[in-house]
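A.B. asks: First the structure, which I've put down as structure tokens, then a few questions once you've had a look.
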Amino acid sequence: MQLLLLLLACVLVPRTETGEIIGGHEAQPHSRPYMAYIQFLKQNNMACGGFLIQEDFVLTAAHCYGSFMNVTLGAHDIRVYEETQQFIPVRRAIPHPDYNETVISNDIMLLQLDESIKVLDKSKAGGSPSNSDQDNLPVKMQLLLLLLACVLVPRAETEEIIGGQEARPHSHPYMACIRYWKDKKCGCGGFLIQEDFVLTAAHCNVRFMSVTLGVHDISQNEETQQFIRVRKAIPHPYYDKKTLVNDIMLLQLEKKAKLTNAVDILQLPKTETQVKPGTTCNVAGWGKLSLNSSGSSKLYEVKLTVQNDKECESRYGDYKSASEICVGDQKKKASTFQGDSGGPLVCNNVAQGIVSYGKLDATPPQVFTKISHFLKWIKNTIKSLQMKKSDEPLFD
């Protein structure tokens, strides 16, 4: 009954896009252990609520649909780290097939999580959802949830490596694994361009980021690894989360990385240049190896060919040849997909592009941010941040 009431709260027509609590009071910490905080990586000011109905499924409203969704469970105060929190990326978002965004009818959606939650002791986490609550859902509702989980094809939202091979360990020493909160997986890729700066995609922006350098297998504690928190994330001021134009972001690290054989800087282009169509380049990442697989713990790489702009202009309505690069031969089953957004397109040992977006079925060509177009912004932003840091007092 408790879950049913929450469900009714989700599906009723809202007066605003997302609801809020008015006239209430702060809940006792972890007295609602089923609650899920849903965050959107492309929309940092947006969030929704949801609730856990199985160890790997969250139920929420369809109008909460967004790109790059993540769920935080076991949270009371989302502004701070809590030992009870579990951060899990959304594997698949399944809104009701008859959801109408104009009148907000059939406003219900299932979120399949990337992994099952870890059920903690009630004294530590406030308990876990009761099996009896799940079993008492009406039969029609159970059938609807099953239908939603099975009927729709999963969306491809971030980028991954398909048709590649495992990279030789530490052969890409500039690669950075960007993690969110306490997540052990790489939410995005990035690359070291100065000892204390990583370059990545703006759509990877989220709170509480950290960077791991010198890593090949993210499931192992390798001696070469350097874990550094992000001091400040600076997405391009004109980044458009709808079209993904200007999809570039700088991450200022809390401390400088120590350069080693496994950790090194990747060179940027010196001037604004056009990479010639037909050029073969390299992309690496820890993402999925096929549409239905989970992410790889080991770094994979793939060779991709730069295409004529017209190939992407006809395929993507928002493609901008001045600031983007069209990459990937449509005749080959080789591309990026979920897990490697923000990684570099390396051509002749120079970073020319950043993995940005592509089709939902991962078919090439795909779109990369053209780094040379943003050289002035990168230089000026780093200079400004370094000056601010030098002006800070040594002691508070």
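A.B. asks: Let's test the formula: R0 of 41 Å, r as the Cβ-Cβ distance of E26 and Y238. What FRET efficiency results, to the nearest 0.05?
C.D. replies: 0.60
A.B. asks: Any idea what the dipole of the range 161-378 comes to, in debye rounded to 20, about its Cα centre with Lys/Arg Cβ at +1 and Asp/Glu Cβ at -1?
C.D. replies: 280 debye
A.B. asks: Where the eigenvalues come from the Cα gyration tensor of the range 58-97, what are the semi-axes √(5λ) of the equivalent ellipsoid, largest first, in whole Å?
C.D. replies: Taking √(5λ) for each Cα gyration eigenvalue gives 23, 10, 9 Å.
A.B. asks: Continuing with the same structure: What ranking, highest mean first, results for peptides 24-32, 255-263, 167-175 when packing means the other Cβ atoms within 10 Å averaged over each residue?
C.D. replies: 167-175, 255-263, 24-32
A.B. asks: Where does each of 272-280, 193-201, 225-233 land if you order them by average Cβ count within 10 Å, highest first?
C.D. replies: The peptides rank, most packed first, as 193-201, 225-233, 272-280.
A.B. asks: Just to confirm a number: summing +1 for Lys and Arg and -1 for Asp and Glu over residues other than K258 whose beta-carbon lies under 14 angstrom from that of K258, what do you get?
C.D. replies: Every neighbour counted, the sum reads -3.
A.B. asks: List E301, E254, E324, E223 from most exposed to least, where exposure is judged by having the fewest other Cβ atoms within 10 Å.
C.D. replies: E223, E254, E301, E324
A.B. asks: Sorting H203, H216, H63 on the 10 Å Cβ count, fewest up front, what's the list?
C.D. replies: H63, H216, H203
A.B. asks: Right, next: Regarding the range 161-378, what is the average projected area of its C-alpha convex hull, in nm²?
C.D. replies: 10.8 nm²
Since every read-out is calculated from the coordinates, none of them should be taken as a lab result. Note that the coordinates shown come from a computational prediction; the quantities given were computed from them, not determined experimentally. Here the Cβ is made from the backbone with ideal geometry for all residues, glycine too, and neighbour counts use every protein chain on show.
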